[in-house]
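To keep things clear, I will list the structure first and then write my remarks on it.
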Amino acid sequence: MLPLVPRAPTQGDRLPDALEGRQVIFKSGPQPIPKVNNLPDGWVEDIHPEGQLLYSKVVSSCGLNIRVHTDLPLRSTENHPVILVAFGRLSQLLESSEELHNAQLKDSEVEACILVSDDFPDEFGYYLVNHRDQTTFWLQEVGMHKTRSPAA
């Protein structure tokens, strides 16, 4: 059986500890990730089921607690101002959305994701997920021609 890489690495992937020449050598078995304490206030570090680092924070908006995720590498303190601005903008959108607060959703039914472009860190994308209905949605009218994939 050959060890395969399921996809191309992303910005949130962990790099292996050992390098030999120009080859990356992965140790066999699960490798623990050292915890860090330099994340922005309220943000916690998790591991996505596919292995990359993921960061999350809960925002409370009109009685609804929404977990917000990002794969922006928050171990790097230079990304802290970027995520704070993006999180602030998303929080404002959440607070001003009457449709969201009138939808009678429960805390665990809605999650949000903030996407930050590597090339344009001042541009933020987002989407929300309704787990109950298994749908993706936004807080304003969006035509599909205006949506972009994070890789685009």
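The values are calculated or read from the model by the stated rules, or taken from the named source; none is laboratory data. Note that the structure is a prediction, hence the values are computed from the model and not measured. So basically every Cβ, Gly included, is an ideal-geometry build from the backbone, and we count neighbours across all protein chains shown. What goes into the accessible areas is simple: the full protein's heavy atoms, side chains included, and nothing from ligands, DNA or RNA. Shrake-Rupley method; radii C 1.70, N 1.55, O 1.52, S 1.80 Å.
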### Selection status of PRO3, assigned to a loop (DSSP other than H, G, I, E, B) and modelled with pLDDT under 90
yes
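What residue, among those in segment 91-100 that are open to solvent by less than 90 Å² (accessible area, probe 1.4 Å) and touching a strand residue (DSSP E or B) at 6+ places or on another chain (Cβ under 7 Å), is farthest from HIS131 (Cα to Cα)? Please lay out each step first, then the result.
Taking segment 91-100 first, the residues open to solvent by less than 90 Å² (accessible area, probe 1.4 Å) are 91, 93-94, 96-97, 100.
Filter again for touching a strand residue (DSSP E or B) at 6+ places or on another chain (Cβ under 7 Å), leaving 91, 94.
Values: SER91: 20, LEU94: 17 Å.
The qualifying residue farthest from HIS131 (Cα to Cα) is SER91.
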### Query
Quick check: is even one residue across segment 104-117 part of a helix (DSSP H, G or I) and closer than 19 Å to TRP43 by Cα?
yes
### Task
Consider PHE120 carefully, then state whether it is part of a loop (DSSP other than H, G, I, E, B) and either under 28 Å from ASN38 (Cβ atoms) or charged (D, E, K, R) (or both).
yes
### Message
Quick check on VAL68: is it at pLDDT 90 or above, among the aliphatic types (A, V, I, L, M) and in contact with a Cys (Cβ under 8 Å, 6 or more places away or on another chain)?
### Response
yes
#### Entry: Filtered residues of segment 64-78 (kept if without any contact (Cβ under 8 Å) to a residue 24 or more places away in the chain and either touching a strand residue (DSSP E or B) at 6+ places or on another chain (Cβ under 6 Å) or open to solvent by less than 70 Å² (accessible area, probe 1.4 Å) (or both))
SER76
### Query
Checking SER60 against (1) crowded, with 16+ Cβ neighbours inside 10 Å; (2) modelled with pLDDT of 85 or more, which single condition isn't satisfied?
(1)
### Message
Among the residues that make up segment 35-51, is at least one of them hydrophobic (A, V, I, L, M, F, W, C), open to solvent by 30 Å² or more (accessible area, probe 1.4 Å) and at pLDDT below 85?
### Response
yes
### Selection from segment 39-59 of residues that are touching a Gly at 6+ places or on another chain (Cβ under 6 Å) and over 18 Å from PRO81 (Cβ atoms)
GLN52, LEU53
### Message
Within segment 101-115, take every residue that is at pLDDT below 80 and among the hydrophobic types (A, V, I, L, M, F, W, C) and give me the one that is farthest from LEU54 (Cα to Cα).
### Response
ALA103
